[in-house]
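Step one of this worksheet: look at the structure below.
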Amino acid sequence: MSRSLQARLSLALTATILLVAVGAGCFGFISAYRDSIRMQDDMLRQVGALIARMGGTLPEAGAVGRYPGGDHESRIAVQWLASPGETTAQAEHGQRPLPLPADLHDGLQTVFMHHENFRVYVQALESGRRIALSQETDVRDRIAYRNAWRALIPVLILVPVLLLALQRIIGKLFAPLQSLRRDIDQRRDDQLEPIATTALPTEILPFVEAINRLLARVQGAMRSQRRFVADAAHELRTPLAALSLQAERLQQSEMSDTARERLRRLGSGIERSKALVAQMLALARAQGGEAAGSADASQRRRFVLREAVRPVLEDLLPLAQQKDIDLGVDGSLEVEVCSNPLELGLLLNNLIDNAVRYTPPGGRVSIAVAGEAATRAGQVRLEISDTGPGIAAEQRERVFEPFYRIDPAAAPGSGLGLSIVQSLAARLDIALRLEHAEASTGRGLRVILEIPAAERPADHPIS
């Protein structure tokens, strides 16, 4: 059985309506049939009473009347009832419409003649003679069935109309729940704001309020966790800086080659630790809503994309030259976006830094804005491509997990870069996806960013 409340309610009401409709239809059909039979019996009585009131004027051979517009069988036969001295043979020779027996009692009765039933009404006159009014039962039944079916037509029309109206009403009643489901499904992982309760039914309001309380507790726990990570990163920066300074001073001392090599390794470890702490602090700020060096991380403004890309390229160009990597921009970046330049710069720095580190010497890293045909309305599509090993399709979700690295030996790092990128992209409403730079060979990585475009001023319409 379906666990959907809407489906169960719809099924229960539909079954109830059908059962009531069948009961009402049967009752109406039978009632209309019986009423039609009674009306025809009353008609026989009224005709008999009319003839008796008129003094019993009737031809000796009787008379046959038909309904207006009826067929030849829709008739009422009126005849004198045979007296005890009259033989049946006389009636069969046409002196009577029907060979009715003489011993019929007054009133209504059913008589079987000529292999069929007749409804007969016997009326006594003041003269002492009796008349008989008869009608074929089959004709009466056809009339009664026709009237009964006509009485059933409104029910047959009303039931499907009522079922359609019921489905629409139930759909409208459950519409707030569907809207609530869509709102929750479309939320990002870091969107823990309370759910709006203004348009929700009273019955589900306590459930949604309980969810809001849970979201508040989860938000508090995540805020505490991020604060702990940020505080730990801050606390680690000072001792690491001191260790780095001591290592630099120690290098100026006289020591053996073996000791100097070990000191070099110690310095490399300290530098990796400093980079890890810096990335942990950046991740905590990105997830917690604090951009590095920004007083208001959620503040966005209109600026040219080149302003965010150029400082990143200047910082990473020495590393690219050291590995003999061609790092550059294909085309123009003179396109306006609406974002936070500091946060966007941090996002691009992590992406381009990863591209340079994982691209082998002699490779290429390019940044380009896709043409209008590849850009969605209201979005600027920025592509960062490299000639490195790429990322397999089955691993593209996991690479955004903190500290996850596909090949730790391929390049130095901590596995936090793409986690920072994902957090910043969600915060800036930037759509992010990965694909192969060369689809035919499966080599290289292309990162596609769809950045909100700046709206054109009203006084400068698009030509």
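The values are calculated or read from the model by the stated rules, or taken from the named source; none is laboratory data. Keep in mind it's a predicted model, so treat the numbers as computed, not measured. Positions of Cβ are generated from backbone atoms using ideal geometry, with glycine treated the same way; all protein chains shown enter the neighbour counts. With ligands, DNA and RNA removed, areas are computed over all heavy atoms of the protein, side chains included. Shrake-Rupley method; radii C 1.70, N 1.55, O 1.52, S 1.80 Å.
So the values come out like this:
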| item | result |
| --- | --- |
| Residue check for Ala247: modelled with pLDDT under 70 and part of a helix (DSSP H, G or I) | no |
| Residue in the stretch 327-343 that is of a type in the set (S, T, N, Q), open to solvent by less than 50 Å² (accessible area, probe 1.4 Å), closer than 27 Å to Ala454 by Cβ and modelled with pLDDT under 90 present | yes |
| Residue that is farthest from Gln6 (Cα to Cα), among those in the stretch 192-231 that are open to solvent by 50 Å² or more (accessible area, probe 1.4 Å) and touching a Pro at 6+ places or on another chain (Cβ under 8 Å) | Ala216 |
| Odd one out for Leu152, checked against (1) touching a residue at least 40 places away in the same chain (Cβ under 8 Å); (2) of a type outside the set (Ser, Thr, Tyr); (3) open to solvent by 50 Å² or more (accessible area, probe 1.4 Å) | (3) |
| Condition met for Pro239 (open to solvent by 20 Å² or more (accessible area, probe 1.4 Å) and modelled with pLDDT under 80) | yes |
| From Glu397, Glu401, Glu372, residue being modelled with pLDDT under 85, touching a helix residue (DSSP H, G or I) at 6+ places or on another chain (Cβ under 8 Å) and of a type outside the set (A, V, I, L, M) | Glu401 |
| Extreme residue, farthest from Arg140 (Cα to Cα), among residues of the stretch 24-44 that are open to solvent by less than 40 Å² (accessible area, probe 1.4 Å) and small (Gly, Ala, Ser) | Gly25 |
